[in-house]
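Novice: One structure, as structure tokens, below. Some questions next.
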Amino acid sequence: MTEPFTVAIDGPAAAGKGTISKAVAAHFGFAHLDTGLLYRAVGARLLAGEDPTEAAHSLTTDDLANPELRTADVAQAASKVAVIPEVRAALLDFQRAFARRAGGAVLDGRDIGTVICPQAEVKLYVTASAEIRARRRFDELQDRGADTDFHTVLADVKARDARDSGRADAPMKPADDAVLLDTSHLSIEAAIARAIETITARRQ
């Protein structure tokens with residue numbers, strides 16, 4: 001398949017959308033873009049003392065390979081720069097061009113189905129309860145040796161949810177025609193299978 005086929009996968013932090021997106025892209029042979037990394041990369045450059053709008057305009061693929069992008073500090077900075085309209089505008093063209101590349105693309109983020117790719121052939125909204133998402137994130141951070149506790153992580157998750165869904169520009173919410181996928185009580189294998197099933201049905 002060479003014509004564009006866009007899969008938009010949105011949802012809050014630690015709902016499983018990244019893992020599902022990578023698996024879906026691999027299954028169908030689509031390109032994958034974790035759009036959150038764009039904001040994390042801008043956030044990392046903000047922490048390094050740069051102007052976020054200038055950083056967004058000069059972002060390169062090398063910025064996305066920075067191993068520090070998964071830290072909690074960068075996650076918070078990403079959420080802060082994501083509310084800046086000029087930053088969002090600077091990253092919009094990059095994402096849209098990626099989405100319509102030949103051969104299919106999977107993009108995951110918070111406003112892919114609503115703002116970036118409202119014409120996407122498939123839209124999924126992956127979610128889970130705040131407590132379950134915080135538990136997943138806490139376990140992940142512990143595996144990396146981070147010094148934190150569950151209540152701090154839960155507070156962070158809730159703060160990010162409030163910021164992401166409450167911002168005036170492109171708030172996080174399901175697109176009207178998105179398929180809801182609640183992973184609270186699903187294994188990752190079951191969640192991936194359900195996503196693949198949904199996409200397969202739309203491609204026929």
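The values are calculated or read from the model by the stated rules, or taken from the named source; none is laboratory data. Treat the numbers as computed from the prediction; the structure is a model and nothing was measured. No Cβ is skipped: glycine too gets one built from the backbone with ideal geometry, and neighbour counts run over all protein chains shown.
Novice: So in the range 141-152, with the set limited to residues that are in a helix (DSSP H, G or I) and free of Cβ contacts under 8 Å to residues at least 40 places away in the same chain, which one is surrounded by the fewest Cβ atoms within 10 Å (Cβ to Cβ)? Spell out the reasoning first.
Specialist: Initially, the range 141-152 is screened for residues in a helix (DSSP H, G or I), giving 141-143, 150-152.
Add one more test, that the residue is free of Cβ contacts under 8 Å to residues at least 40 places away in the same chain, and what stays is 142-143, 150-152.
Working: GLN142: 14, ASP143: 8, PHE150: 15, HIS151: 10, THR152: 14.
So, considering only residues that are in a helix (DSSP H, G or I) and free of Cβ contacts under 8 Å to residues at least 40 places away in the same chain, the one surrounded by the fewest Cβ atoms within 10 Å (Cβ to Cβ) is ASP143.
Novice: Can you go through LEU91, LEU124 and tell me which one is surrounded by 18 or more Cβ atoms within 10 Å (Cβ to Cβ), at pLDDT 95 or above and hydrophobic (A, V, I, L, M, F, W, C)? Spell out the reasoning first.
Specialist: Values: LEU91 fails: at pLDDT 95 or above.
Matching residue, one of LEU91, LEU124: LEU124.
Novice: Provide a single number: the residues in the range 99-135 that are under 14 Å from the mean Cα position of the chain (by Cα), more than 14 Å from HIS185 (Cα to Cα) and β-branched (Val, Ile, Thr).
Specialist: 5
Novice: Under 7 Å between Cβ atoms, at least 6 apart or on separate chains: pull out the pairs that start in the range 160-181 with a residue that is at positive phi and end on any residue that is surrounded by 14 or more Cβ atoms within 10 Å (Cβ to Cβ) and part of a loop (DSSP other than H, G, I, E, B).
Specialist: Listed by first residue and then by second, the contacts come to ALA170/ASP111.
Novice: I've got another one for you. Looking at ILE192, ILE199 in this structure, which one is touching a strand residue (DSSP E or B) at 6+ places or on another chain (Cβ under 8 Å), hydrophobic (A, V, I, L, M, F, W, C) and farther than 13 Å from ASP10 by Cα?
Specialist: ILE199
Novice: Now for a different question. Provide a single number: the residues in the range 171-196 that are in a helix (DSSP H, G or I) and surrounded by 10 or more Cβ atoms within 10 Å (Cβ to Cβ).
Specialist: Residues that pass the stated criteria total 8.
Novice: Residues to consider are ASP51, ASP62; find the one that is of a type in the set (Asp, Glu), more than 26 Å from VAL153 (Cβ to Cβ) and modelled with pLDDT under 90. Talk me through it step by step, then tell me what you get.
Specialist: Values: ASP51 fails: modelled with pLDDT under 90.
ASP62 is the lone residue from the list that is of a type in the set (Asp, Glu), more than 26 Å from VAL153 (Cβ to Cβ) and modelled with pLDDT under 90.
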